[in-house]
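The values are calculated or read from the model by the stated rules, or taken from the named source; none is laboratory data. Computed from a prediction, not measured in an experiment: that's the story for all the values here. Cβ coordinates were reconstructed from backbone atoms using ideal geometry, including for glycine residues, and neighbour counts include every protein chain displayed.
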Amino acid sequence: MIEKACIYFEAFSNKDLEKLADIYTDDVVLTDWDIHFEGKNDVLEANKNLFDSLDSINIIVTNIGQNEHYIFAEIDITINKDLVLHVVDVLEF
């Protein structure tokens with residue numbers, strides 16, 4: 001699962017909607033701060049809107065672990081080469 005999570009973060013950093021579509025299941029759910037999307041098409045549309053609004057996005061995984069169902073990843077997200085967010089993502093596969 002950790003390898004799949006790293007592939008996801010790389011695809012996200014590359015704004016690769018095709019790769020994300022390969023990773024997502026039809027019942028994918030995206031919840032982040034003040035947004036919530038359900039279903040592959042809606043999540044991909046949310047990703048596209050985000051990608052279109054940014055010059056660049058880069059994700060560096062600083063720590064990653066897993067249990068039976070979840071990946072927990074500490075990540076640094078650099079947006080437009082100047083804003084760095086330190087966050088924890090929880091992914092379920």
- Query: Only one of these conditions is not met by PHE93: (1) within 18 Å of ALA11 (Cβ to Cβ); (2) without any contact (Cβ under 8 Å) to a residue 60 or more places away in the chain. Which number is it?
  - Reply: (2)
- segment 7-93: strands (runs of 3 or more DSSP E) wholly inside it with 2 or more residues that are at pLDDT below 95, surrounded by 14 or more Cβ atoms within 10 Å (Cβ to Cβ) and over 12 Å from the mean Cα position of the chain (by Cα) are none
